[in-house]
Amino acid sequence: MRNSEKQTMAVIGAILFLGLLMGVSLLLSQFVVAEAQEKETSQIQTEDSASSEQEEEDKEEEEDEEDEEEEEAVELEPGFQKVVDEVRAFWKRESESEIEELVISPFRVPPRKEQYEYYPCMDCHEEQEVQPERELTEEHEDLVLDHGKQRFWCLTCHFAGKEKNYLRSLKEQKIDFNESHLLCGQCHFERQKDWLMGAHGKRVGSWSEERTILLCVECHNPHSPAIKPQLPDPIPKGIREIRMERSNQPHKIETKHELIKVWDRIALKYKNERTK
Amino acid sequence: MTDKKAAPISRRNFFKKAGTAGAAIASGTTALAVASDVLEGEAYSDALKEYFQKHYRDMSKDEVKAALARIERKAKRKHGVDITVENTAPYAREDTVFGYALNISKCKGYRKCVYACVEENNLSRDPEIHYIRVLEMEKGSMDLEKSNHYFGEDPVPKAGKFYLPVQCQHCEDPPCVKACPTQATWSEPDGIVVIDYNWCIGCHYCVIACPYWARHFNWEEPVIPKEEINTETHYLGNRPRERGVMEKCTFCIQRTRKGKMPACLEACPTGARVFGNLLDPKSEIRYILENKTVFRLKEELNTEPKFWYYTD
């Protein structure tokens, strides 16, 4: 129990810290991407050196945290634990500009790339020249890029020329289209963490067994991720209930949240009842 | 109280007819003839047995089995559909208590949950019954009284608004249960507040007691198009109801007790809804309760809802 708690703490520490790391690399990427699309190589160098510094600090931080004892550590399900470990390992990996392939995530996501209009990309991109201009006229012309205040271009997330069948991390790692959350997580680490924990996004199928987790791109178009307004389903015809109209009680929402752990109380209550 | 159609007899109006039949038995030989004007053979004996059916929690295994079969036969006669009525017990794994969390910064008021619930739970289409009410609220205000339930002319989300879906909160200390004079409603071991529709007398005490407007009354015989009837049902959940009984959200007992997610969650396009086992420290819902700013509706009433709202 203790060991696993420690491990978990370490993971969480690392996650939080990596959040920071991502923040920094986001800042960097924003500068760099905007200014230097053509100078791709210099961008990568900047980022690499920045992140290896971060990584060293990261390790120290982790060791510090292992000494600390904290009770509220969340113990992850083995599946999630593995993801978190992998996400961490992924971002810690030294990137010598060679393209690495990532292991498939240990939870089910509904596959994506099979549905694309344009897959496999290499059908065309084997011969396609890289477009240096920020305008596409021949193909993908309806694609609107409205993400991150226009600070990045296709090549922030896609490989130039070859390897178009994969997404591209900021460190030039290969990311499968069916694991695009790893791409988003580079810049939206807080959201990704929530997503891994089940507080953002959606999981379907089962609450008790293996979940199917929807990828970010099921809800957010990666090229224009803001969710657009739409008409809701029909307006209810009207509710015939005595309560609605005649209520004279003030219906205020009480936002004060009790700090006592409700679930502990509930657990206790049910235990008592069951042992009766 | 006359039956317009030759519809099968409900528990309440059967009262009257049984009375007539009883008198006939007393007076002579025409008893069954009178009764079979309305019902014949199995239908008649089913109605009789339904009338004398015990409370769900007092029935033996065999009695429950017989009751489930009766409901299935009745649905066949009444709606012409083959349904299965199950009696899935609280989740097999020990220590399961269900809880729900809803992210109000994600909910956009699309009402997908409302209609998924209608379909899953065999809710009457006309008159309309909805277990979920999505309220459109002023940002910054928490006044439910000023909320709008009938939004939807324009695309949502609208600027300056947020959306608050309200359904049965499955209180730990449910006022509806206390109010019920016939014990037709109670909390199950997995925390779901349920109703035995056969024991509900439609007195409305629970409606008045519930501070969340979660209970809905069948003022009329529910109408559901035959092809839209969900045939996978649970005794305490979405089995066909009749006029004169209360009903409400059961956390989709027919699904969740089999490990599935509730229908409203599956339908939500924004991922605002999270369901799970409160007693499992590794569950998503526990992560939310421990790491997000959560609140419950009308906490001051001490009803202890197992339904949390959160923001991020």
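The values are calculated or read from the model by the stated rules, or taken from the named source; none is laboratory data. Quick caveat: nothing in here was measured; it's all calculated off a predicted structure. A quick note on method: Cβ atoms are made from the backbone with ideal geometry, for glycine too, and the neighbour counts reach across all protein chains shown. Side chains are part of the model used for accessible areas, which takes the heavy atoms of the whole protein and leaves out ligands, DNA and RNA. Shrake-Rupley method; radii C 1.70, N 1.55, O 1.52, S 1.80 Å.
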Over the range B:286-312, the set of residues hydrophobic (A, V, I, L, M, F, W, C) and facing chain A (nearest Cβ under 8 Å) is B:288, B:289, B:294, B:295, B:297
Exercise for the section: Return yes when residue A:151 is more than 15 Å from the chain's Cα centre (by Cα), open to solvent by less than 20 Å² (accessible area, probe 1.4 Å) and modelled with pLDDT under 80 and no when it is not. Expected result: no
Within the range B:76-112, restricting to residues that are out of contact with any Ser or Thr (no Cβ under 9 Å at 6 or more places or on another chain) and over 24 Å from residue B:306 (Cα atoms), the one that is farthest from the other protein chains (Cβ to nearest Cβ) is B:76
Is one or more of the residues making up the range B:269-283 without any contact (Cβ under 8 Å) to a residue 60 or more places away in the chain, open to solvent by less than 10 Å² (accessible area, probe 1.4 Å) and not aliphatic (A, V, I, L, M)? yes
(1) surrounded by fewer than 20 Cβ atoms within 10 Å (Cβ to Cβ); (2) in contact with a strand residue (DSSP E or B) (Cβ under 8 Å, 6 or more places away or on another chain); (3) without any contact (Cβ under 8 Å) to a residue 40 or more places away in the chain all hold for residue B:208 apart from (2)
Within the range B:170-201, residues under 15 Å from residue B:241 (Cα atoms) and either of a type in the set (D, E, K, R) or at pLDDT below 90 (or both) come out as B:196
- Message: Tell me yes or no: at least one residue of the range B:258-271 is within 9 Å of chain A (Cβ to nearest Cβ), at pLDDT 95 or above and within 30 Å of residue B:182 (Cβ to Cβ).
- Response: yes
- Query: Just wondering, is there one or more residues in the range B:115-124 that are assigned to a helix (DSSP H, G or I), within 11 Å of chain A (Cβ to nearest Cβ) and over 20 Å from residue B:236 (Cβ atoms)?
  - Reply: yes
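For every residue, the table says whether it meets (1) more than 8 Å from every other protein chain (Cβ to nearest Cβ); (2) surrounded by fewer than 16 Cβ atoms within 10 Å (Cβ to Cβ); (3) part of a strand (DSSP E or B); (4) modelled with pLDDT under 65.
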site: A:208; (1), (2), (3), (4): no, no, no, no
site: A:226; (1), (2), (3), (4): yes, yes, no, no
site: A:250; (1), (2), (3), (4): no, yes, no, yes
site: A:256; (1), (2), (3), (4): no, yes, no, yes
site: A:264; (1), (2), (3), (4): yes, yes, no, no
task: Would you be able to say whether some residue in the range B:83-103 is over 28 Å from residue B:278 (Cα atoms) and either crowded, with 22+ Cβ neighbours inside 10 Å or more than 16 Å from the chain's Cα centre (by Cα) (or both)?
output: yes
Can you say whether residue B:251 is on the phi > 0 side of the Ramachandran plot and in contact (Cβ under 8 Å) with a residue 60 or more places away in the chain, as far as the supplied structure shows?
yes
Going through the range B:272-285 in order, the residues found to be within 7 Å of chain A (Cβ to nearest Cβ) and charged (D, E, K, R) are B:282, B:284
Flagged in the range A:149-180 as closer than 15 Å to residue A:116 by Cα and assigned to a loop (DSSP other than H, G, I, E, B), in numbering order, are A:164, A:165, A:166, A:176, A:180
Taking the range B:135-161 and the residues there that are in contact with a helix residue (DSSP H, G or I) (Cβ under 9 Å, 6 or more places away or on another chain), more than 8 Å from every other protein chain (Cβ to nearest Cβ) and open to solvent by less than 90 Å² (accessible area, probe 1.4 Å), the one that is farthest from residue B:118 (Cα to Cα) would be B:137
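Per-residue answers, yes or no, for (1) within 13 Å of chain A (Cβ to nearest Cβ); (2) over 26 Å from residue B:54 (Cα atoms); (3) within 15 Å of the chain's Cα centre (by Cα); (4) open to solvent by 30 Å² or more (accessible area, probe 1.4 Å):
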| residue | (1), (2), (3), (4) |
| --- | --- |
| B:170 | yes, no, yes, no |
| B:173 | yes, no, no, yes |
| B:187 | yes, no, yes, yes |
| B:213 | yes, yes, yes, no |
| B:227 | no, yes, no, yes |
| B:239 | no, no, yes, no |
| B:252 | yes, no, yes, no |
The lone condition residue A:193 fails out of (1) crowded, with 20+ Cβ neighbours inside 10 Å; (2) touching a residue at least 60 places away in the same chain (Cβ under 8 Å); (3) not in a helix (DSSP H, G or I) is (3)
Within the range B:65-80, the residues that are surrounded by fewer than 16 Cβ atoms within 10 Å (Cβ to Cβ) and within 19 Å of the chain's Cα centre (by Cα) are none
